[in-house]
Amino acid sequence: MKNGEGYSDPTAGKAIANVSKLPRHIKDIFRALNTVARIHGLEITELRDIKTGREYRR
């Protein structure tokens, strides 16, 4: 990632990469649900946490 002057800005790049990462437990849930869904020709693409309302997309 580059800053406004065109210089490399690794701190901002790392921060953006960490925010866009799925938490490990969400990855595991996606994997398990998709294993079952694929048997029936389906794919799980989004999950929503009922308590927080946060949405996770694959």
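Readers should treat all values here as calculations from the given coordinates under stated rules, not as data from a laboratory. All values reported here derive from a predicted model rather than from experimental measurement. For neighbour counting, all protein chains shown are included, and Cβ atoms are generated from backbone atoms with ideal geometry for every residue, glycine included.
Structure summary
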item: Selected from 45, 35, 11 as most flexible by GNM, with the chain as the system and alpha-carbon contacts under 10 Å; result: 11
item: Relative contact order computed over the chain (Cα-Cα under 8 Å; 6+ residues apart), in percent; result: 18 percent
item: Computed E for residue 21/residue 50 - FRET, C-beta separation, R0 30 angstrom, nearest 0.05; result: 0.85
item: Extent along principal axes [Cα atoms of the chain; Å; largest to smallest]; result: 51, 27, 16
item: Hz values of 3J(HN,Hα) by residue in the stretch 34-49 - Karplus curve (6.51, -1.76, 1.60), Gly and Pro given as x; result: 5, 4, 6, 4, 4, 4, 9, x, 10, 9, 8, 10, 8, 10, 10, 6
